[in-house]
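Q: Can you read through this structure? Questions will come right after.
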Amino acid sequence: MKAIILAAGRGNRLLPQTDRMPKCMLKVGSKTILEHQLDILESCKIGGILIVIGYRGDKIVKLAGNRAKFIENKDYARTNSSYSLWLAREKLKAGFVYLNSDLLFHPDLLKKLLKSRHSDAMIVDKNKKSKNDMFKAFVKNGRITRLGKDLDLNKAYGEAPGPLKLSSGFAAETFKEIGNRVKRGEKNHFCYTIFGKVANKKPLYAIDADGAYWVEVDYRKDLKKARELAGKHDL
């Protein structure tokens, strides 16, 4: 199975730290966020890693080197993650592991995801439900029925950081959904919005984080938390 890391965006909410580099290249502990992700993917024997680049993509290419292959989103400033994913569609037909490049997470999350008997699954943290712009998941009988940023916290199962594991069938439906939107000129949707839409047609199962750490680095407070975790876990 291949993995894709979406790393095209600038990370405006972390300026000025991202003024000269993508946020996945910010140091957390002894490595960048991206290097932590590459290490985890490789430790899980993921055969091929794709990275969608955009803002300062040359720096990512230099950092990752031959550890990954690259696809460029030249229109990164005016598009969102679903368009970046769509650009890689020809490489991902057999299914893939999905990662946002700003996610620092415990290796056990990916290991647990890959070991799941479900071919289509996503890490969801039922212990976290706060009023932030993280995607939340509605879950019924183990299946994710909706993903959104503004879901009722009293009804949501938990926050949904990922990673995801998607089969060829789910991938096909995902690219069909994105492609239809791209044809209409809609290039600014989040991938999680699309995954939630497809989950109404094909089962997408929630795999609980079970207390393993993770942090999505969007703001300065997130970067501070990530660096605190790095110190605590000797990363």
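A short reminder: the numbers here are calculations on the coordinates, not readings from a lab. Everything numeric here is computed off the predicted structure, so don't read it as measured data. Neighbour counts are summed over all protein chains in view; Cβ atoms, including those assigned to glycine, are modelled from backbone coordinates with ideal geometry.
Q: Determine the pairs where a residue that is at positive phi, located within segment 45-66, has a partner that is surrounded by 19 or more Cβ atoms within 10 Å (Cβ to Cβ) and not β-branched (V, I, T) with Cβ atoms under 7 Å apart, the partner being 6 or more residues away or on another chain.
A: R56/P22
Q: Please specify each residue of segment 65-83 satisfying the condition of being within 15 Å of K2 (Cβ to Cβ) and part of a helix (DSSP H, G or I).
A: Hit for segment 65-83 is R67, nothing else.
Q: How about segment 203-212: which of its residues are surrounded by 18 or more Cβ atoms within 10 Å (Cβ to Cβ) and not small (G, A, S)?
A: Listed by number, the residues that qualify are L204, Y205, I207.
Q: Within segment 194-235, how many residues turn out to be β-branched (V, I, T) and under 19 Å from D125 (Cβ atoms)?
A: Of the residues in that region, 3 qualify.
Q: When you check G185 against the structure, is it surrounded by fewer than 17 Cβ atoms within 10 Å (Cβ to Cβ), closer than 26 Å to P107 by Cα and more than 16 Å from the chain's Cα centre (by Cα), yes or no?
A: no
Q: When you scan segment 130-235 for helices (runs of 4 or more DSSP H) that lie fully inside it, which ones turn up with 2 or more residues that are touching an Asp or Glu at 6+ places or on another chain (Cβ under 7 Å) and either under 15 Å from L85 (Cα atoms) or without any contact (Cβ under 8 Å) to a residue 24 or more places away in the chain (or both)?
A: Because the criterion is at least 2 residues that are touching an Asp or Glu at 6+ places or on another chain (Cβ under 7 Å) and either under 15 Å from L85 (Cα atoms) or without any contact (Cβ under 8 Å) to a residue 24 or more places away in the chain (or both), the helices (runs of 4 or more DSSP H) in segment 130-235 that meet it are 191-198.
Q: Being assigned to a helix (DSSP H, G or I), in contact (Cβ under 8 Å) with a residue 12 or more places away in the chain and loosely packed, with under 15 Cβ neighbours inside 10 Å is true for just one of E35, E90, E42. Which residue is that?
A: Step by step, each of E35, E90, E42 is checked, and only E42 is assigned to a helix (DSSP H, G or I), in contact (Cβ under 8 Å) with a residue 12 or more places away in the chain and loosely packed, with under 15 Cβ neighbours inside 10 Å.
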